[in-house]
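What follows is one structure encoded as structure tokens, with my remarks underneath.
The values are calculated or read from the model by the stated rules, or taken from the named source; none is laboratory data. Worth saying up front: this structure is predicted, and the values here are computed from it rather than measured. When we count neighbours, we look across all protein chains shown, and the Cβ atoms used for this are built from the backbone with ideal geometry, even at glycine.
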Amino acid sequence: MRFGAFLAPFHDPRENPTLALERDLDLICHMDRLGFDEVWVGEHHSTGWEYISSPEIFLAVAAERTRRIRLGTGAVSLTYHHPLMVADRIVLLDHLTRGRVNFGVGPGGHLSDAAMLGIPPAEIRDRMEHALDVILRLLTTTEPVTASGPGWELHDAVLQLRPYQRPHPPLGIPSLESPFGMALAGRVGAAPLSLFFGAADLAAQWDITEEAAARAGRTASRDDWRVVVPVHLAETREQAVEEVRAGGGEWMFEYVQALTGRPAPVPGPKDIAVDQMVEAGSWVVGTPDDLVAFIRGLQERTGGFGTFLCWGHEWAGPEATLRSYDLLARFVMPEMQGSLEGLRASGDVARAKATALHQQRVAGVEVARERNARDRGDR
């Protein structure tokens, strides 16, 4: 299993945004050092909580500070952009990172973004799907492309710089509520990123991807499937809950409900919302052992997936957030990746022989003493 994070990212609008962006970069560097596989960064233009407007620019900075972690746009809102410009930016980033880019796309995370641009909410998914089809043609062929959509035109368009990764950077499509993302991922061969908020039937979501892939003559691979879950870890469950109690409740009622219009999935009040989400099995707030048990249970319920992503947040503050990722890398990743099997097998062998080997050690020491006594006597 691979591990990573999905960063909207969310930040308290009362905090200094420049420092918050720097913390996002620090977190990605921390994850790179810890051996996480990938991180995805979103695009948003409103609400005051998510203010990375260009994941490509942000990830270009992150690429210069990291060595191996893969960097994904999570996601570029295709509805808002000219397809040629998106394709050109992604290909450039693909070259500058020597192929560490994942290309995540979506219709737009906030209807408030679309409203500012005068885009009818009912049209965002159709516009995004059409733009993606055009982008894939640009990425995979040098045949001139002529196409048009609302607000853009292409006339004999060719990408002069071809992708570094062939045929193109791996595609990803996030999915939260609508079946649209899962179905589109299956149709175009993208990795679905299922944002788990507790109520979603993930097994049914995967069925949508498989069915869409089959209709398109493809075979969907569970190894490509990413599942995104809010996580915070500490040495004890009580500590973990207390560290996120205020921030998690604030996010639930001041962001999710008040700004996006989605009703909170728990009744609250704010100071017990985290407890309610944990009890509902929607968030993992606890110890590394709790997360291991959760992932194994989720694998069993869904039939299996390839990558587990932490839904990024700062509910606990910067230091505790970094410590949470540290605990995940130290205790959860090796458990789920089989890295401890050899250590345990070696320990089991040593433990089974410990008594007999100790007896041999005692006997050996006695022989050494007797020899030493003889040698001294000879002198």
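Quick notes on this structure:
- Screening the candidates Ile135, Ile208, Ile173 for the property of being closer than 18 Å to Thr73 by Cα, of a type in the set (Val, Ile, Thr), at pLDDT 95 or above and under 23 Å from the mean Cα position of the chain (by Cα) yields one hit, Ile173.
- Count of segment 263-289 residues, restricted to those that are modelled with pLDDT under 95, in a helix (DSSP H, G or I) and more than 16 Å from Ala246 (Cα to Cα), is 1.
- Selection status of Ser178, surrounded by fewer than 19 Cβ atoms within 10 Å (Cβ to Cβ) and either in a loop (DSSP other than H, G, I, E, B) or at pLDDT below 95 (or both): yes
- Residue in segment 317-324 that is touching a residue at least 12 places away in the same chain (Cβ under 8 Å), assigned by TED's automatic domain parsing to the domain that holds Asp12 and not in a helix (DSSP H, G or I) present: yes
- For segment 244-252, the count of residues that are touching a strand residue (DSSP E or B) at 6+ places or on another chain (Cβ under 7 Å) and over 25 Å from Leu171 (Cα atoms) is nonzero.
- Picking from residues in segment 246-279 that are farther than 30 Å from His45 by Cβ and surrounded by 15 or more Cβ atoms within 10 Å (Cβ to Cβ), the one that is farthest from the chain's Cα centre (by Cα) is Ile272.
- Only one of the numbered conditions (1) farther than 25 Å from Val244 by Cβ; (2) of a type outside the set (S, T, N, Q); (3) part of a helix (DSSP H, G or I) is not met by Met31, and that is (1).
- Residue in segment 330-353 that is of a type outside the set (A, V, I, L, M), surrounded by 15 or more Cβ atoms within 10 Å (Cβ to Cβ) and touching a strand residue (DSSP E or B) at 6+ places or on another chain (Cβ under 9 Å) present: yes
- For segment 94-111, a residue qualifies if it is at pLDDT below 95 and among the small types (Gly, Ala, Ser), and the qualifying residues are Gly108, Gly109.
- Meets criteria (at pLDDT 95 or above, under 19 Å from the mean Cα position of the chain (by Cα), surrounded by fewer than 20 Cβ atoms within 10 Å (Cβ to Cβ) and over 22 Å from Tyr80 (Cβ atoms)) for Gly189: yes
- Residues that are of a type in the set (Gly, Ala, Ser) and touching a Ser or Thr at 6+ places or on another chain (Cβ under 9 Å) within segment 102-118 comprise Gly104, Gly106, Gly108, Gly109, Ser112, Ala114, Ala115, listed in sequence order.
- Annotation note: of Gly172, Gly99, Gly149, Gly104, the sole residue that is within 19 Å of Ser53 (Cβ to Cβ) and not β-branched (Val, Ile, Thr) is Gly104.
- Residues of segment 82-130 satisfying the condition of being assigned to a loop (DSSP other than H, G, I, E, B) and in contact with a strand residue (DSSP E or B) (Cβ under 8 Å, 6 or more places away or on another chain): His82, Thr97, Arg100, Pro107, Gly108, Gly109
- Residue within segment 315-325 that is among the hydroxyl-bearing types (Ser, Thr, Tyr), surrounded by 14 or more Cβ atoms within 10 Å (Cβ to Cβ) and under 18 Å from Arg222 (Cβ atoms) present: no
- Test: residue in segment 7-27 that is surrounded by fewer than 17 Cβ atoms within 10 Å (Cβ to Cβ), within 17 Å of the chain's Cα centre (by Cα) and farther than 28 Å from Leu259 by Cα: no
- The one condition in (1) over 17 Å from Leu195 (Cβ atoms); (2) modelled with pLDDT of 95 or more that Phe294 fails to fulfil: (1)
- Complete set of residues in segment 190-213 that are in a helix (DSSP H, G or I), among the aliphatic types (A, V, I, L, M) and touching a residue at least 12 places away in the same chain (Cβ under 8 Å): Leu202, Ala203, Ile208, Ala212, Ala213
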